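First up is the structure itself, then whatever we jot down about it.
Each value in this text was obtained by applying a stated rule to the coordinates, not by laboratory testing. Remember, predicted model here, so these are calculated numbers, not experimental data. All Cβ positions, even for glycine, are placed from backbone atoms using ideal geometry, and neighbour counts span all protein chains on display.
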Amino acid sequence: MPSYLITGVSRGIGFELLRQVSEDPNNVVVGLVRDKATTDKKVLAELNRPNIHIVQADLADYDSLKKSVDVVAPIINGSLDYIIANAGLISKWSGRAGSPGARERYAGVLQG
Ligand SMILES: NC(=O)c1ccc[n+]([C@@H]2O[C@H](COP(=O)([O-])OP(=O)(O)OC[C@H]3O[C@@H](n4cnc5c(N)ncnc54)[C@H](OP(=O)(O)O)[C@@H]3O)[C@@H](O)[C@H]2O)c1
C-alpha cells in the first residue's frame with residue numbers, strides 16, 4: 001500500500017492532489033492542514049474515502065510538525081513513500097517587466 005503525505009490539502013491544488021491520489025483505494029493518503037475540523041467536513045462532504053487521513057500541522061510551526069509525526073506514523077505503519085510538498089503561498093509581487101507597476105516596485109526596492 002503506497003503511502004503519501006500531501007501538505008496543504010484544505011483547498012486549491014492540494015485538495016485536487018488529495019482527490020486524485022486517493023482515487024486509488026490502495027493508496028494511503030495523509031493530508032496536512034492547519035484547520036483539521038474544517039477540512040474534515042469538506043473531505044467528508046466531497047470525497048468521503050477511508051484511505052484519506054487529515055492531520056493538523058502548521059508548516060511554520062516546528063513543534064506542531066513534530067507532533068504530527070506521532071499522529072502520522074501509525075497511519076502509514078511507520079513507512080512513508082511519497083511527500084508532496086504543496087503547501088505555500090503565491091506572492092502577489094511580480095518582477096515581470098510588463099506587469100503593472102513593476103518599474104515602480106523595482107525602484108522602491110532599490111531605494112529602500
Ligand atoms: N496556483 C498556481 O497557479 C500556482 C503556480 C505556481 C506555484 N503554485 C504553488 O502551488 C502550491 C499550491 O497553490 P494553490 O494555488 O493551490 O494555493 P492555495 O489555494 O492558496 O492553497 C495553499 C494551501 O497551502 C496551505 N498552507 C499555506 N500556508 C501553510 C502553512 N504554514 N502550514 C500548512 N499549510 C499551509 C493552505 O492552507 P490554509 O487553508 O490553512 O491557508 C492551502 O491549503 C503553492 O505552493 C503555490 O506556491 C501555484
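Quick one: if the Förster radius is 22 Å, what FRET efficiency do Ile90 and Asp40 give, using the C-beta to C-beta distance and rounding to 0.05? The pair Ile90/Asp40 has a calculated efficiency of 0.30. Each Lys and Arg Cβ is given +1 and each Asp and Glu Cβ -1; about its Cα centre, the range 3-89 then shows a dipole of about 180 debye. Our summary of shape: the Cα atoms of the range 3-89 have principal axis extents of 31, 28, 20 Å, ordered from largest down, in whole angstrom.
Comparing Asn86, Ser3, Ser22 along the charge dipole axis of the range 1-100, the residue lying farthest to the positive side is Asn86, per the Cβ-charge model. Looking at the range 1-46, the trypsin sites (Lys or Arg not before Pro) that sit in a DSSP loop and have at most 13 other Cβ atoms within 10 Å of their own Cβ are Arg11.
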